[in-house]
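What follows is a short report on a single structure.
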Amino acid sequence: RVVNAPRMALLARTMMAIQKVSVSSYFLLSNGNANHPATYWQNKVSGVFLQNKVSYSTWFSSDPPAIHGIQMIPFTPALSFIRPAAFVAEEWSLRLRHLPVVGDDPSKWSAWTSVIMTNLGGAIDSGRALWYLTHGRCPFDEGLSRSWAMYWALTRPAQHRHDRRFHVQVPEGGLPK
């Protein structure tokens, strides 16, 4: 706690709960989402909301890495709450893992590679994420530093396993505060 203000803390928790419900209902599309047709769930994210429709795109790109990646940033502690590990795993296995931007060919990598891998590492697979993030040829998004991406991938609460590449044991419950 920064200040001793229980009413402010309650308001903050209420606002975060509302955001989690609304984002999970309208933007992050898990299987069984009641607000979008089943055929749209396969996208895993909604894209742009227009007046009378939802478009699987962004205002700046129709490429899937951009459509998914823009909904992963900024990397703040709230992201782990809004994008739970179960959703990240579903999105990765059904939509992202087959994209060339996260494939084995570095010539297909882009700044979105760093964003997608930082999200993946922070939620479900730090080993895979760190391989990309420490690889000298992985381009980084202008708003994401290599040190922050590595920190994110190694310290998120979902990381309760030994990472053999860096020999870091993240203790149960995360790192000490």
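The values are calculated or read from the model by the stated rules, or taken from the named source; none is laboratory data. The structure presented is a predicted model; accordingly, all values stated were derived computationally and were not measured. Neighbour counts are summed over all protein chains in view; Cβ atoms, including those assigned to glycine, are modelled from backbone coordinates with ideal geometry. These accessible areas exclude ligands, DNA and RNA; they are computed on the full protein's heavy atoms, side chains included. Shrake-Rupley method; radii C 1.70, N 1.55, O 1.52, S 1.80 Å.
Residues being open to solvent by 30 Å² or more (accessible area, probe 1.4 Å) and either charged (D, E, K, R) or part of a loop (DSSP other than H, G, I, E, B) (or both): count how many of those fall in segment 104-131.
Number satisfying all stated conditions: 7.
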For residue 66, state whether it is at negative phi, touching a helix residue (DSSP H, G or I) at 6+ places or on another chain (Cβ under 7 Å) and among the hydrophobic types (A, V, I, L, M, F, W, C).
yes
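On the basis of being of a type in the set (Phe, Trp, Tyr), assigned to a loop (DSSP other than H, G, I, E, B), at pLDDT 90 or above and open to solvent by 40 Å² or more (accessible area, probe 1.4 Å), does residue 75 make the cut?
Working: of a type in the set (Phe, Trp, Tyr): yes; assigned to a loop (DSSP other than H, G, I, E, B): yes; at pLDDT 90 or above: yes; open to solvent by 40 Å² or more (accessible area, probe 1.4 Å): no.
No: the conditions fail for residue 75.
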Can you confirm whether residue 101 is surrounded by 21 or more Cβ atoms within 10 Å (Cβ to Cβ) and more than 14 Å from the chain's Cα centre (by Cα)?
yes
State which residue is most open to solvent (accessible area, probe 1.4 Å) when the search covers only segment 37-46 and only residues that are out of contact with any Leu (no Cβ under 9 Å at 6 or more places or on another chain) and not in a loop (DSSP other than H, G, I, E, B).
39
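Filter segment 137-152 for residues that are open to solvent by 20 Å² or more (accessible area, probe 1.4 Å) and in a loop (DSSP other than H, G, I, E, B); which is modelled with the lowest pLDDT? Please lay out each step first, then the result.
Pass one, segment 137-152, residues open to solvent by 20 Å² or more (accessible area, probe 1.4 Å): 137, 139-143, 145-148, 150-151.
Checking which are in a loop (DSSP other than H, G, I, E, B) leaves us with 137, 139-143, 145.
Working: 137: 82, 139: 93, 140: 95, 141: 95, 142: 94, 143: 94, 145: 94.
Among residues in segment 137-152 that are open to solvent by 20 Å² or more (accessible area, probe 1.4 Å) and in a loop (DSSP other than H, G, I, E, B), the one modelled with the lowest pLDDT is 137.
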Which residue pairs have Cβ atoms under 9 Å apart, sit 6 or more places apart or on different chains, and have a first residue in segment 141-157 that is within 19 Å of residue 101 (Cβ to Cβ) and touching a residue at least 40 places away in the same chain (Cβ under 8 Å) and a second that is open to solvent by 30 Å² or more (accessible area, probe 1.4 Å) and aromatic (Phe, Trp, Tyr)?
141/112; 149/140
Members of segment 16-36 found to be in contact with a Ser or Thr (Cβ under 7 Å, 6 or more places away or on another chain), open to solvent by 60 Å² or more (accessible area, probe 1.4 Å) and free of Cβ contacts under 8 Å to residues at least 40 places away in the same chain, listed by number
26, 35
What number of residues within segment 83-98 satisfy the criterion of being assigned to a helix (DSSP H, G or I) and open to solvent by 20 Å² or more (accessible area, probe 1.4 Å)?
8
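Out of segment 47-72, which residues are open to solvent by 60 Å² or more (accessible area, probe 1.4 Å) and either assigned to a helix (DSSP H, G or I) or within 22 Å of residue 102 (Cβ to Cβ) (or both)? Break it down into steps so the answer makes sense when it comes.
From segment 47-72, those open to solvent by 60 Å² or more (accessible area, probe 1.4 Å) are 49-53, 59-60, 62-63, 70; that's our starting set.
Answer for segment 47-72, where residues must be open to solvent by 60 Å² or more (accessible area, probe 1.4 Å) and either assigned to a helix (DSSP H, G or I) or within 22 Å of residue 102 (Cβ to Cβ) (or both): 60, 62, 63, 70.
Among 155, 134, which is the only one that is at pLDDT 75 or above, surrounded by fewer than 18 Cβ atoms within 10 Å (Cβ to Cβ), under 24 Å from residue 86 (Cβ atoms) and not charged (D, E, K, R)? First the steps, then the outcome.
Working: 134 fails: under 24 Å from residue 86 (Cβ atoms).
So the residue among 155, 134 that is at pLDDT 75 or above, surrounded by fewer than 18 Cβ atoms within 10 Å (Cβ to Cβ), under 24 Å from residue 86 (Cβ atoms) and not charged (D, E, K, R) is 155.
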